[in-house]
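A.B. asks: Can you read through this structure? Questions will come right after.
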Amino acid sequence: MRTVRRGTFETNSSSTHSITMCMESDYEKWKNGEMYWHRWNDELVSKEEFEKEMAKSREEFIADNPDFDENNEEWKEELDQYINEDKMYYTYEEFNDYDYIEYETFVDTFETPQGEKVVSFGYYGSDY
């Protein structure tokens, strides 16, 4: 094995896998719709941060399309497609529907010696 990036374990496997670790309280907030899972950073982010990023994406789209008309259904569809083209943020329910793209999801919990409850979750698979 060769280290390519610090803090990252890599193999030459063709499988896909992801793991996110968080405090149980954040995991519960995610389940309750107060947080979103950021796919590319493998982290939970607040609803406010998610909304801020969505507003930023919307502004970028409108800036790139000066003829944008939010009353026009075709423009609305294009905006929606632009925002969701490379889906980065997932609700708890969306994450657990990840198997629609042939991934299995998992969740496990443990308690630290200090009594903190930690949750690990992620996905894995090779049919992508």
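Here, each number is a calculation from the coordinates, and none is a lab measurement. All values derive from a computational prediction rather than experimental measurement. Reconstructed Cβ throughout: ideal geometry from the backbone, glycine too, with neighbour counts over all protein chains shown.
A.B. asks: Mind listing the long-range amide H neighbours of Asp42? Cut-off is under 5 Å, sequence gap 5 or more, other chains count too, H placed in the peptide plane at 1.01 Å from N.
C.D. replies: HN-HN under 5 Å from Asp42: empty list.
A.B. asks: Exactly which trypsin sites (Lys or Arg not before Pro) in the range 25-128 are in a DSSP loop and have at most 10 other Cβ atoms within 10 Å?
C.D. replies: Lys87
A.B. asks: Anything over 18 Å Cα to Cα? Flag those among Lys56/Lys87; Lys47/Lys117; Lys52/Lys87, in the order listed. Before the final figure, lay out the partial values.
C.D. replies: Numbers: Lys56/Lys87 14 Å; Lys47/Lys117 22 Å; Lys52/Lys87 15 Å.
Among Lys56/Lys87; Lys47/Lys117; Lys52/Lys87, the Cα-Cα distance tops 18 Å for Lys47/Lys117.
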